[in-house]
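Down below is the structure, laid out as structure tokens.
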Amino acid sequence: MTVQTFIPNGAKAASENTVTQPTHTTDVSIKKLYIETQGCQMNEYDSHRMADLLGDSHGYILTSNPNEADILLMNTCSIREKAQEKVFSELGRWRKLKDKNPDLVIGVGGCVASQEGDNIQKRAPYVDMIFGPQTLHRLPQMLDQHNAQVEKPKKDKIKLVDISFPDIEKFDFLPEPRVEGFKAFVSIMEGCSKYCSFCVVPYTRGEEVSRPLDDVLAEIAGLAEKGVREISLLGQNVNGYRGETFEGGICTFPELLRLVAEIPGIGRLRYTTSHPLEFSDELIQCYEDLPQMVSHLHLPVQSGSNDVLKAMKRNHTIDVYIDKIAKLRKIRPDMHLSSDFIIGFPGETDENFAETLQFIKDLDFDHSYSFVYSKRPGTPASDLPDTTPEQVKKERLAQVQKVIKQSSIEKTDAMLGKIERVLIEKVSDQDPNILIGTADNTRLVTFVGDASWVGRFAEIEITEIKTLNFVYGELLNLEPDVA
Ligand code: SAH
Ligand code: F3S
């Protein structure tokens, strides 16, 4: 689906831009669409929907080469300043392409568009369409409007900007997701109402809105029928899901997980990103009752210091997090844990940082997305005094990353001799007798097998550790197809 073939379970670093992967063609009469995606998995999900939409409505096909595209779309991220700066530097490059080809259409969507629509218009007037995360479904109409006024003199053209928040209407207008492979993402809620003091998401994506239960279940059942075996439920605050049921009631996240697990064909369940506050006992119980739930959890905590958590307005203490993880590990001792960390939050002292480092060691994280705090205009934390030198923050971050990397290496090494449940995803490019799949903990596992097994789950004994993310094994048991 993207240039990255291996997507870990958890928010992806904003610096890792991806280009939505094209279906190839050499026919020059076919119109081509290039999408650059910045930021999180929600943005990746949205980019795929944009490609599906413009493919269905206008026959556009994806290209990985911006130079041959008829339309360029940038799906932007504003979570950190660096990500946002990138938008304008990239747009500068796209301007040069437009100078060469005045028919080229340029669109900017995502969180920077949502927050900075006016600024984009001012700084990059050659951008033709500006849309937000909640209005991307209106892209086909926007494109029609754009095409209708191409011939008009500049002064008569209306600027095509739509960065409103029309509730959850978006999902009613998106085409059925196209299925490639055995894994699929399903967005179940949008936005966030937690208002952590550092974060722009509630302002760029709006407050939490959940998709109705029946829509979510129908989408997943459709995906399962098309061969999907692993579902990742997506949302900025996914365990805050409260979807309306057909009878007018409310379905909670743990209830949703139980219903999804009943859908024939769904052999594995992941979700991201969850918040510790709503990581309830009912959710923990699902790990006991539902074998489809992976022993891998991305539960962002942001800091290991109660003072910092308070200033971040996370509304819980470290002990709350520790207790929840202890309960979870009682049920699943092999639980792999990952988190987001913000290092160098305004006011973070040496002692606060030492607490975070100790907390990371105690909780034994397998992975993290950790960044130095970035001041975001309009967020409450942007007014806090921040006296820690940037260099100190960078050194602290390096320490965190070193500890977690070491723990990750140890976790991979510990797989040796263990039995892993693997979703077999493909045959190796190099050898038709070698199969490649993913374990619960997202490591790639290769072993000798038959191409006809692709799409099924297998128990694999790990016999050799190749790299941090890549191990060899031998087949112990091939599960019957779960459909
Ligand atoms: N819903 C998720 C977070 C989504 S934003 C949660 O519950 O935590 C993804 C990550 O970006 C956050 O977890 C945080 O670690 C990081 N982030 C958000 N704002 C940031 C900022 N101003 N500076 C640095 N990192 C930030
Ligand atoms: Fe951001 Fe906090 Fe929500 S990090 S996405 S406001 S849970």
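The values are calculated or read from the model by the stated rules, or taken from the named source; none is laboratory data. Worth saying up front: this structure is predicted, and the values here are computed from it rather than measured. Here the Cβ is made from the backbone with ideal geometry for all residues, glycine too, and neighbour counts use every protein chain on show. We work out accessible area using only protein heavy atoms, side chains counted, and drop any ligands, DNA or RNA first. Shrake-Rupley method; radii C 1.70, N 1.55, O 1.52, S 1.80 Å.
Rounded to whole Å and ordered largest first, report the semi-axes of the equivalent ellipsoid of the range 210-317 derived from its Cα gyration tensor (root of 5λ).
28, 16, 12
Can you work out the Karplus-derived ³J(HN,Hα) for every residue in the range 267-281? Use 6.51 cos²θ - 1.76 cosθ + 1.60 with θ = phi - 60°, whole Hz, and x for glycine or proline.
x, 8, 10, 10, 7, 6, 10, 9, 10, x, 4, 9, 7, 7, 4
Rounded to the nearest 0.05, what FRET efficiency is calculated for Glu282 and Lys361 with R0 set to 22 Å and r the Cβ-Cβ distance?
After rounding to 0.05, the efficiency reads 0.15.
Within the range 171-204, which residues have the backbone N less than 13 Å from the label spot 7 Å out from Leu384 along Cα→beta-carbon, could you tell me?
Within reach of a label on Leu384: 196-199.
Per residue, how many Å² of accessible area does the range 419-478 show with a 1.4 Å probe?
That works out to 46 Å² per residue.
In nm, to one decimal, how far is the modelled label at Val403 from the one at Glu151, with both set 7 Å along Cα→Cβ?
Here the modelled spin labels are 6.7 nm apart.
Can you send over the solvent-accessible area of Asp52, 1.4 Å probe, protein chains only, in Å² to the nearest 10?
Counting only protein heavy atoms, Asp52 exposes about 10 Å² to solvent.
Can you give the three extents of the C-alpha atoms in the chain along their principal axes, from longest to shortest, in whole Å?
Here the spans come out as 69, 59, 50 Å, largest first.
Give me the net charge for the shell around Gly267: Cβ to Cβ below 15 angstrom, other residues only, Lys and Arg +1, Asp and Glu -1.
My count for the surroundings of Gly267 gives -2.
Compute the signed sum of charges (Lys and Arg +1, Asp and Glu -1) over the other residues within less than 14 Å, Cβ to Cβ, of Gln399. Let's see the in-between values first.
Working: positive: Lys361, Lys393, Lys394, Arg396, Lys402, Lys405; negative: Glu348, Asp350, Glu355, Glu395.
With Lys, Arg at +1 and Asp, Glu at -1, the net is +2.
Distance between Cα centroids, the range 361-400 to the range 450-483: provide it in whole Å.
Cα centroid of the range 361-400 versus Cα centroid of the range 450-483: 38 Å apart.
With loop defined by DSSP as not H, G, I, E or B, and exposure as at most 16 other Cβ atoms within 10 Å, which is the longest segment of the chain clear of exposed GluC sites (Glu not before Pro)?
Longest run free of exposed loop sites: 263-483.
Carbon and sulfur atoms: what percent of the 1.4 Å accessible area of the chain do they account for? Write out the running numbers ahead of the final one.
Working: 10840 of 20960 Å².
Of all accessible area on the chain, carbon and sulfur atoms account for 52 percent.
Report the one residue of Val201, Ser338, Ser187 whose Cα lies farthest in the direction of the positive end of the charge dipole of the range 170-343 (charges on C-beta: Lys and Arg +1, Asp and Glu -1; origin at the Cα centre).
Ser338
Using a 1.4 Å probe on the protein heavy atoms only, what accessible surface does Leu444 show? Give it in Å² to the nearest 10.
50 Å²
Please compute the length gained on full extension between Leu478 and Lys313, using 0.36 nm multiplied by the number of residues separating them and subtracting their Cα-Cα distance.
Once the chain is fully extended between Leu478 and Lys313, it gains 54.7 nm.
So how do Ile331, Ile250 rank on accessible area, 1.4 Å probe, biggest first, that is with the largest at the start?
Ile250, Ile331
Below 8 Å, C-alpha to C-alpha, sequence gap of six or more: please give me the relative contact order for the chain in percent.
Contact order relative to length: 10 percent.
Can you give the accessible area of Thr76, probe radius 1.4 Å, in Å² rounded to 10?
0 Å²
How much area per residue is accessible in the range 170-343 when the probe is 1.4 Å and only protein heavy atoms are counted (Å²)?
Solvent-accessible surface per residue comes out at 37 Å².
I need the per residue convex hull volume for the range 369-470, using only the alpha carbons, in cubic angstrom as a whole number. If you can, show how the numbers build up before the last one.
Details: hull volume 16.2 nm³, N = 102.
Cα convex hull per residue, to the nearest whole number: 159 Å³.
So if we plug the beta-carbon distance of Val320 and Glu459 into 1/(1 + (r/R0)^6) with R0 = 45 Å, what FRET efficiency do we get, rounded to 0.05? Kindly include the intermediate steps, with their values, before the conclusion.
Numbers: r = 35 Å, r/R0 = 0.79.
For Val320 and Glu459, the calculated efficiency is 0.80.
Cα-based Rg (one decimal) and Dmax (whole number) for the range 27-105, in Å?
Calculated on Cα positions, Rg and Dmax stand at 13.1, 40 Å.
From the protein chains alone at 1.4 Å, what is the descending order of accessible area for Thr463, Thr273, largest first?
Greatest to least solvent exposure: Thr463, Thr273.
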